[in-house]
């Protein structure tokens, strides 16, 4: 039997995780790699691309939250489907893996993606995509450190729960603009645990609507404002806004999230690689525990 003290401790831990988790992996990586929340963008701008990223939340000398991302997209039958222009039809396949670590919790998300790009005219393309998702949450109670060796409030053991889900996306891309809509976790289920767990964690649908436009100043300088409207577990409408300045060989950007935080980022291309750094900065103590830092490396050979 689970004692009342055990129940209270696990309920509080699970309640905190429910509020914080499932937003952050998409939250921090989407401006670097929009394929994470929109499957229609697989092999959208290039025939093959690979991205690896890590996000760490720093607070007083420790890291309470760590996120990791690996994504890969490509166009099969590259010779047959080789593009002479960016607007020829093309099939895109992709994989996205996300990992999030919050204290005793470990969340893994795997997306398998299919996209098809359809030319509307010489300057406009419609892209449609679907994804299958496998999600896992693990709770390692043994990783907790009690003040007393035999603290009765802490249970022992590992718990894991899996969900099968999916998503879709659509994008219209013109010469200077892009409009995207997508949804993930279309059939949200409940992570159910056993043994040491008394609470269930309910997943929820995630919606995204993104629009951007590029202003070209000259051949070497352009600006791109962008806005993403999204939901979260706590609020039906949130948003991210940003503006990036591309100076041919380096890109700078800054943005604001409706959770009252701002972020700055830079992208530096080097041959076939793109290096990105982002600094997340909360404007109050309610949004995040501390400042966040994201590093990523992208490889685009074509």
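The values are calculated or read from the model by the stated rules, or taken from the named source; none is laboratory data. Please read these numbers as outputs of a predicted model, since none were measured by experiment. Here Cβ is always computed from backbone atoms with ideal geometry, including for glycine, and neighbour counts include all displayed protein chains.
For residue 262, the requirement of being in a strand (DSSP E or B) and at pLDDT below 95 is met.
Scanning segment 25-52 for residues that are in contact with a helix residue (DSSP H, G or I) (Cβ under 8 Å, 6 or more places away or on another chain), farther than 20 Å from residue 269 by Cα and assigned to a loop (DSSP other than H, G, I, E, B) yields 37, 42.
Checking 190, 198 one by one, the residue that is more than 23 Å from residue 30 (Cβ to Cβ), out of contact with any helix residue (DSSP H, G or I) (no Cβ under 7 Å at 6 or more places or on another chain) and either loosely packed, with under 13 Cβ neighbours inside 10 Å or modelled with pLDDT under 95 (or both) is 190 and no other. Candidates in segment 227-244 are the residues that are free of Cβ contacts under 8 Å to residues at least 60 places away in the same chain, farther than 12 Å from residue 259 by Cα and in contact with a strand residue (DSSP E or B) (Cβ under 7 Å, 6 or more places away or on another chain); of these, the one that is surrounded by the most Cβ atoms within 10 Å (Cβ to Cβ) is 244.
Yes/no per residue for (1) crowded, with 16+ Cβ neighbours inside 10 Å; (2) at pLDDT below 90; (3) in contact with a helix residue (DSSP H, G or I) (Cβ under 6 Å, 6 or more places away or on another chain); (4) in a strand (DSSP E or B):
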position	(1), (2), (3), (4)
88	no, yes, no, no
99	yes, no, no, yes
106	yes, yes, no, yes
113	yes, no, yes, yes
117	yes, no, no, yes
132	no, no, no, yes
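Cβ-Cβ distances below 7 Å connect the following pairs, each with a first residue in segment 175-187 that is free of Cβ contacts under 8 Å to residues at least 60 places away in the same chain and on the phi > 0 side of the Ramachandran plot, a second residue that is surrounded by 19 or more Cβ atoms within 10 Å (Cβ to Cβ) and not in a loop (DSSP other than H, G, I, E, B), and a separation of six or more residues or different chains: 185/165; 185/167; 185/206.
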